[in-house]
Structure formats: C-alpha cells, structure tokens
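The values are calculated or read from the model by the stated rules, or taken from the named source; none is laboratory data. Since the structure is predicted, the reported quantities are computational estimates derived from the model, not experimental observations. Backbone-built Cβ (ideal geometry, glycine too); neighbour counts: all protein chains shown. Heads up: the accessible areas ignore ligands, DNA and RNA and are worked out on the full protein's heavy atoms, side chains in. Shrake-Rupley method; radii C 1.70, N 1.55, O 1.52, S 1.80 Å.
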Amino acid sequence: MTFLSSLSITKRLYGAIALMSVVFLAAGAVATHELDGVVDKAKSTADRRVPQLTQMAELELNVTRVSLQLRHAMLARNPEELAATLADVGAKRKLIDEILSTYEKSLFTQAGRDGFASIPPAVENRAGPGCLNTQRPEISGLAAV
C-alpha cells in the first residue's frame, strides 16, 4: 500500500487543506509584493507625471491665449489698444517661457528630454514674436495710399 492510501480520509483532508493554505499564503505574498510595485508607480505618477500634465495644459492654454491676443492686435482700432494687447502678449510669452523652463527641469528620463526638444520651436512658431505684423498703415500713422 502507498502512503496516501494508508491515511484515513480525515488526515488526507487535513493534508489537502494544509497544502492549499500554503499555496494561498504564497499567492498572497506574491500579490502583495506586486501591489507594492503598483503603489510605487502610482506615487511616482502622482508626484511627477501629473504636475507635468498640468504644466502642459497650462502651456497649451497660454499659447492659445497668445494666439487670440495676436489676432486681437491685428484688429486693434487704435495705437493704445494695440499697445495694451502687445503688453499682454509679452506677459503671456514670459509665462510660457517660465512654464517651458520649469517643465524642462522636471523631466526625469532621456526619452522625455528627447521628446521635449521639439516643443519650444513649435511654441515659437505658434506664439512667437515673429508671427505677427502689427504695423498696419492706419495704426502706425501712415495713410494707406
């Protein structure tokens, strides 16, 4: 007779329960270890990625605001309105530059730095000082001929 057949049904059931308990404890330990990694990643995301996303959203909003202000400057009715609009554009450009600088400092991977390299030129094309000609003849004092 084999060892298992010599045991009573009660002892076999106790053995099976003990074996299943060990398996469940091992599975629980592995799951806890894996969840610790998930928690660490979630904390890293909250500490690093969420502020970066907030900065990018703020950057996008300010680029849109600059674009709208540049449009407003092109449609300015008098030199005072033009000067006020261009002053606001200048202030928003400073804010955009600060956001870009802060964002670049917060990058923590080389892939992030490589991806960021294309953002400042794109922002400059969209909201840079060279994308507007506000010198309309009727505003600058030159009469249209």
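Tabulated values for the structure
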read-out: Matching residues in the stretch 57-87 - criterion: being open to solvent by less than 50 Å² (accessible area, probe 1.4 Å), in contact (Cβ under 8 Å) with a residue 12 or more places away in the chain and in a helix (DSSP H, G or I); value: 59, 62, 63, 66, 67, 69, 70, 73, 82, 85
read-out: Residue among 43, 92 that alone is open to solvent by 90 Å² or more (accessible area, probe 1.4 Å) and in a helix (DSSP H, G or I); value: 43
read-out: Residue match in the stretch 5-25 (condition: in contact with a helix residue (DSSP H, G or I) (Cβ under 7 Å, 6 or more places away or on another chain), more than 30 Å from residue 107 (Cα to Cα) and surrounded by 10 or more Cβ atoms within 10 Å (Cβ to Cβ)); value: yes
read-out: So residue 42, is it within 21 Å of residue 122 (Cβ to Cβ) and free of Cβ contacts under 8 Å to residues at least 12 places away in the same chain; value: no
read-out: Selection status of residue 105, under 30 Å from residue 125 (Cβ atoms) and at pLDDT 90 or above; value: yes
read-out: Selection status of residue 31, open to solvent by less than 90 Å² (accessible area, probe 1.4 Å), modelled with pLDDT of 90 or more and either assigned to a helix (DSSP H, G or I) or not charged (D, E, K, R) (or both); value: yes
read-out: Qualifying positions in the stretch 12-62 - β-branched (Val, Ile, Thr) and within 16 Å of the chain's Cα centre (by Cα); value: 45, 50, 54
